[in-house]
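The values are calculated or read from the model by the stated rules, or taken from the named source; none is laboratory data. Treat the numbers as computed from the prediction; the structure is a model and nothing was measured. Ideal geometry is used to build each Cβ from the backbone, glycine not excepted, and the neighbour counts take in all protein chains shown. Surface areas here come from the heavy atoms of the whole protein model, side chains and all, with no ligands, DNA or RNA. Shrake-Rupley method; radii C 1.70, N 1.55, O 1.52, S 1.80 Å.
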Amino acid sequence: MTSTSTLSLVGQELPAWELPITPTLVVSTAIATRDFQDVHHDRDLAQSYGSQDIFLNILTTTGLVERYLTDYVGEAYDVGSINVRLGAPAYPYDTLVFTGEVSAIDGDEVHVSVVGAVSLGAHVTALVLLRRRR
Amino acid sequence: MSDHDQALAEAVSLEAARIQALGETAPRLARDPINQPMINNWLEAIGESLPRYTAGEAPPAMAQVWTMGGLHPQRDPNDPLHSMMQFLTDAGYTAVLGTNCEQTYHRYLRVGERVSVTTTLDAVVGPKQTGVGVGYFVTTKSTWRVGEEEVATMLFRVLKYRPKGADSAPGDPAVDPTAVLRPTRNADTEFFWEGTQAGELRIQSCADCGALRHPPGPACPQCGALSRTHVVAAGTGTLFSYVIHRHPPVPGKTLPLLLGLVELDEGVRMVAELRGLDEEAVRIDLPVQVAWQRIDDDLTLPVFEPRTP
């Protein structure tokens, strides 16, 4: 599913994206990002550390922010940077809801602010720099 | 800050300066060159799909994946993050929490290229009082290169902290719970405090028109009547708003202190301490129920806890 929507106005909103978090998502993305920390695949150990469950790893959070943008803009832009601030953990059986808005445009550079929220609050607050490809 | 804390803070900044002076670590080569099977694993798991990712380019957010330590990571004894974290663990800051990750991609990586990574200790800031406990923010900078060419950088910040329970455990001798500020009791409010001691949450009501009001007062704001009585609330409601009080210290209370504005099912709002909640769990609209904090023979305070089904 590749669209090529353009980002032309400050304040332009991206369509929201809801991603159900499952144990399979947490584990498959942890392994695909070569992150073998036990809190991302072993619920017993995660709980023994005081965590409610296993939770998404940071590389995946960054990857999902990237996907949220590229699902919308396709190959019309390159991703120049992704700055994420982390908040509430993303646990299985919750839903991650991404919303985004163009926060600045400077020539070919577009800044998009993104929030990925779970039931506990913001899981991630991100600022993404996109560069229009010529 | 106590002398002990002062000495500890100085030791931490000396160690941070020492590690920073070591500069950049030696480059560590990725296990594999950029390759399509690992890109495909990412595309399947993350769910990304762009034609360019099966035509020789890697997703930029994979930058760090190429140099992950894997299932059996070799610990570089000079790794600045590891050294700083170990020092803070030994100093009692045992827990860790990722807070920020800022990645910049100078260009997209191509299948067949092999990256290396170096790391420096960027900054150590603290001690800071945070929601989870006192700690230090440790920031490292990683740089990925193909040969000599810089292709991506990352600022990664973690909070290395002493869990809150560890420095303000219940029974902390510094906090005397009977030293709380005492409410003013007068003809208008006495019924309320008699209620809390009897395990009743009482709401003043107008004896004339029946309107409920809180906080208690001499006259009905609806009809102006001075005669009043009270009803006993069910004790359930929802959290209308809250504040997290961190400073200044409050007599008899351990900080940070969660204070809620609770909208009772009867319709009036009431300010009280929130119990059984932390900053992670507290949220507006949370269903709550009253509980009682007995201070001594003269005073029992209402508090609110998350409602149990």
Could you please tell me which pairs satisfy a Cβ distance under 7 Å, a separation of 6+ or placement on different chains, a first residue in the stretch A:105-129 that is away from chain B (no Cβ under 11 Å), and a second residue that is among the small types (Gly, Ala, Ser) and surrounded by fewer than 17 Cβ atoms within 10 Å (Cβ to Cβ)?
A:HIS111/A:SER103; A:HIS111/A:ALA104; A:VAL112/A:SER103; A:SER113/A:SER103; A:VAL115/A:ALA122
Go through the stretch B:6-58 and report how many residues are in contact (Cβ under 8 Å) with a residue 24 or more places away in the chain, charged (D, E, K, R) and open to solvent by 60 Å² or more (accessible area, probe 1.4 Å).
3
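Output the residues belonging to the stretch B:102-154 that are over 27 Å from B:PRO37 (Cβ atoms), open to solvent by less than 50 Å² (accessible area, probe 1.4 Å), within 14 Å of chain A (Cβ to nearest Cβ) and part of a strand (DSSP E or B).
Pass one, the stretch B:102-154, residues over 27 Å from B:PRO37 (Cβ atoms): B:102, B:120-141, B:148.
In the following step, the residues that additionally are open to solvent by less than 50 Å² (accessible area, probe 1.4 Å) were identified as B:120-121, B:123-124, B:126-127, B:130-136, B:138-140.
After this cut, where a residue has to be within 14 Å of chain A (Cβ to nearest Cβ) as well, the list is B:130-133, B:139-140.
Once the filter is applied, which keeps residues that are over 27 Å from B:PRO37 (Cβ atoms), open to solvent by less than 50 Å² (accessible area, probe 1.4 Å), within 14 Å of chain A (Cβ to nearest Cβ) and part of a strand (DSSP E or B), the stretch B:102-154 yields B:THR130, B:GLY133, B:THR139, B:THR140.
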For residues that are of a type outside the set (Val, Ile, Thr), touching a residue at least 60 places away in the same chain (Cβ under 8 Å) and in a loop (DSSP other than H, G, I, E, B), scanning just the stretch B:277-297, find the one that is farthest from B:TRP193 (Cα to Cα).
B:GLU280
Is it the case that B:ARG307 is free of Cβ contacts under 8 Å to residues at least 60 places away in the same chain, of a type in the set (Lys, Arg) and open to solvent by 50 Å² or more (accessible area, probe 1.4 Å)?
no
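Conditions tested, residue by residue: (1) closer than 25 Å to B:GLN197 by Cβ; (2) outside any loop (DSSP other than H, G, I, E, B); (3) in contact (Cβ under 8 Å) with a residue 40 or more places away in the chain.
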| site | (1), (2), (3) |
| --- | --- |
| B:PRO216 | yes, no, no |
| B:LEU226 | no, no, no |
| B:ALA234 | yes, no, no |
| B:PHE240 | no, yes, yes |
| B:PRO248 | no, no, no |
| B:LYS253 | yes, no, yes |
| B:GLY260 | yes, yes, yes |
| B:GLY267 | yes, no, yes |
Selected residue (only one of B:GLY252, B:GLY267 is farther than 24 Å from B:LYS164 by Cα and of a type in the set (Gly, Ala, Ser)):
B:GLY267
Testing A:THR24 on (1) open to solvent by 50 Å² or more (accessible area, probe 1.4 Å); (2) in contact (Cβ under 8 Å) with a residue 24 or more places away in the chain; (3) over 30 Å from A:ARG133 (Cα atoms), one condition comes back false. Which one is that?
(2)
Scanning the stretch B:26-69 for residues that are small (Gly, Ala, Ser) and over 15 Å from A:ILE31 (Cβ atoms), which turns out nearest to the other protein chains (Cβ to nearest Cβ)?
B:ALA61
Among the candidates B:LEU121, B:LEU71, B:LEU43, B:LEU97, residue that is closer than 30 Å to A:PRO20 by Cα and touching a Pro at 6+ places or on another chain (Cβ under 9 Å):
B:LEU43
Filter the stretch A:7-48 for residues that are in a loop (DSSP other than H, G, I, E, B) and among the small types (Gly, Ala, Ser); which is farthest from B:MET38 (Cα to Cα)?
A:GLY11
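Is one or more of the residues making up the stretch A:74-95 charged (D, E, K, R) and within 27 Å of B:MET38 (Cβ to Cβ)? Let's see the steps before the verdict.
The first filter runs over the stretch A:74-95 and keeps only residues charged (D, E, K, R), leaving A:75, A:78, A:85, A:94.
Then drop every residue that is not within 27 Å of B:MET38 (Cβ to Cβ), which leaves A:75, A:78.
Yes: one or more hits.
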Just give me the residues in the stretch B:61-82 being more than 30 Å from the chain's Cα centre (by Cα) and more than 18 Å from B:LEU121 (Cβ to Cβ), in sequence order.
B:TRP66, B:HIS72, B:GLN74
So the check is Cβ under 8 Å with 6+ separation or different chains; which pairs have a first residue in the stretch A:77-91 that's at the interface with chain B (Cβ under 8 Å from one of its Cβ atoms) and under 13 Å from A:GLY116 (Cα atoms) and a second one that's of a type outside the set (Val, Ile, Thr) and not in a strand (DSSP E or B)?
A:ALA88/A:LEU120; A:ALA88/B:GLU280
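Would you tally the residues in the stretch B:191-216 being of a type in the set (A, V, I, L, M) and open to solvent by less than 10 Å² (accessible area, probe 1.4 Å)? Full working, then the answer.
Taking the stretch B:191-216 first, the residues of a type in the set (A, V, I, L, M) are B:198, B:201, B:203, B:207, B:211-212.
Among the residues that remain, those that are also open to solvent by less than 10 Å² (accessible area, probe 1.4 Å) are: B:201, B:203.
Count: 2.
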Residue list for the stretch A:36-76, filter: open to solvent by 10 Å² or more (accessible area, probe 1.4 Å), facing chain B (nearest Cβ under 7 Å) and in contact (Cβ under 8 Å) with a residue 12 or more places away in the chain
A:ILE58, A:LEU59, A:GLU75
